[in-house]
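Asker: Handing you this structure, nothing more for now.
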Amino acid sequence: MSTPPTDPTDLYNQRPEHFGDRVTTEMDCLESYQGSHQSENTSVFDQAKTARFTSTTHAFWSGVRDGRGAPAMVLFAGMVGFGAMGRTNGFDVWFTTATSFLMFALPGQIVMLEMILLGASSLTIALATSLTATRFVTMTATLFPMLHARDRNKALYAKVHLLAMTAWAVSLKEFATMEPKYRLSYFCGLGLLCWLISIPGTVVGFLIAGSVPMPITLGLIFINPLFFLLTFTEIKVSGYRLAILLGSIAGPICYLFDRDTSLLTAGFIGGTLAYWIDRKWIRRYDHVKRGGV
Amino acid sequence: MEAITANLTSAFATQQGMWEWLALIAASIGTYVCRAVGVMLSGRVSQESEFFRWLSAVTYAMVAALTIRLIFLPVGMLSTVPLYLRLVICAIALGVMLINPSRRLVPALLIGTLLMVAIGIVQAL
């Protein structure tokens, strides 16, 4: 991303054909702003005028096509797991599906289910789920400056709901290879597909959880915990690795003191401590190592 | 067949009351506000600011606490699987993932899920 080629045909040729090579995860976005400065590069990308699309409809359907593949399959599996989780924990299909439809953010959805089961108050639930959703702030703030000026209007406040990990990562990669005026249509096609498959995913997970033999249900409800655990290995920033470690330790301790708010307090204590240690020692050490003052 | 019919009937029966729906609406608004704030800030605020770093650290810590709880202190069906078996599956899946972190997410997830299914089958015997 740091040295975008100036020849538009180069950009087009570099376009990856298979997104499945590296499945992007919920965790990628938080890290992204450490390495890439999308907004600064926007002007360079804007000059890359390639005739990839002939119309906005074409761009939209191209987005839909690009949405199929490994990233969308992982999203679908996560939603199936969420549906199964809702079923085995005594939620009804309306509530479970409405959660995927309205929130469309897996970590937040599971936080909410867990907290409802523990009997937390609506306010605590809203606070905790909003905190897990803060990644969307950084994701949107890096992606939307790349859109055409004409498209950056009030309607974006509706379209932003389609933004989730999958659509964000693929769009960021693909936007560079298309004219700015087609980017929004492409994003809408891609995001709409991801949002719409999350609904059948949840319903399928919910319905099969009660119909298939117990071992399969067991496997389904294990998908999301395992998925989160696996994505932690992809985090490279030492400060965030420390946050994960301290959060893991703070979690069970806070759980012993107060179950209802334990996720919130564990996040605050573990995260703030990790941030502080990172700022005080790790970053300074890295700076010295690199030959700074 | 009867079991499936019974499952369908119970699936569509409402279980949640006003309180749970209120929590869902509050959570949905909270999630949407984060997206909207992103639109508002797009291109205006530095992504490298200390506040964003702190927010990210808190989010990571919270998702980590959630993951640890789901694995160590699960509610419902997962709690019927002994803790050491849950940990062994996690270790195997992590091992598969770490061979090549950039390409192994799907196989690691699949192996972990299938192992859990296998444990369920053994337990049911």
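The values are calculated or read from the model by the stated rules, or taken from the named source; none is laboratory data. Computed from a prediction, not measured in an experiment: that's the story for all the values here. Cβ placement follows ideal geometry from the backbone for every residue including glycine, while neighbour counts extend to all protein chains displayed.
Asker: Being among the β-branched types (Val, Ile, Thr), part of a helix (DSSP H, G or I) and either within 20 Å of the chain's Cα centre (by Cα) or within 30 Å of residue B:106 (Cβ to Cβ) (or both), is that true of even one residue in the range A:266-275?
Answerer: No - not one qualifying residue is present in the range A:266-275.
Asker: Would you point out which residue out of B:67, B:80 is in contact with a helix residue (DSSP H, G or I) (Cβ under 8 Å, 6 or more places away or on another chain) and at the interface with chain A (Cβ under 7 Å from one of its Cβ atoms)?
Answerer: Going through B:67, B:80 in turn, just one is in contact with a helix residue (DSSP H, G or I) (Cβ under 8 Å, 6 or more places away or on another chain) and at the interface with chain A (Cβ under 7 Å from one of its Cβ atoms): B:67.
Asker: Another one. Counting just the residues of the range B:82-91 that are under 18 Å from the mean Cα position of the chain (by Cα) and over 19 Å from residue A:251 (Cα atoms), which one comes out surrounded by the most Cβ atoms within 10 Å (Cβ to Cβ)?
Answerer: Among residues in the range B:82-91 that are under 18 Å from the mean Cα position of the chain (by Cα) and over 19 Å from residue A:251 (Cα atoms), the one surrounded by the most Cβ atoms within 10 Å (Cβ to Cβ) is B:89.
Asker: Determine whether residue A:158 is assigned to a helix (DSSP H, G or I), at pLDDT 85 or above and more than 8 Å from chain B (Cβ to nearest Cβ).
Answerer: Yes.
Asker: Specify the residue that is surrounded by the fewest Cβ atoms within 10 Å (Cβ to Cβ); the eligible residues are those in the range A:208-223 that are part of a helix (DSSP H, G or I) and more than 7 Å from chain B (Cβ to nearest Cβ).
Answerer: Filtering first and then ranking leaves A:208.
Asker: Please state which one of A:193, A:172, A:123 is at pLDDT 80 or above and either surrounded by 18 or more Cβ atoms within 10 Å (Cβ to Cβ) or outside any helix (DSSP H, G or I) (or both).
Answerer: A:193
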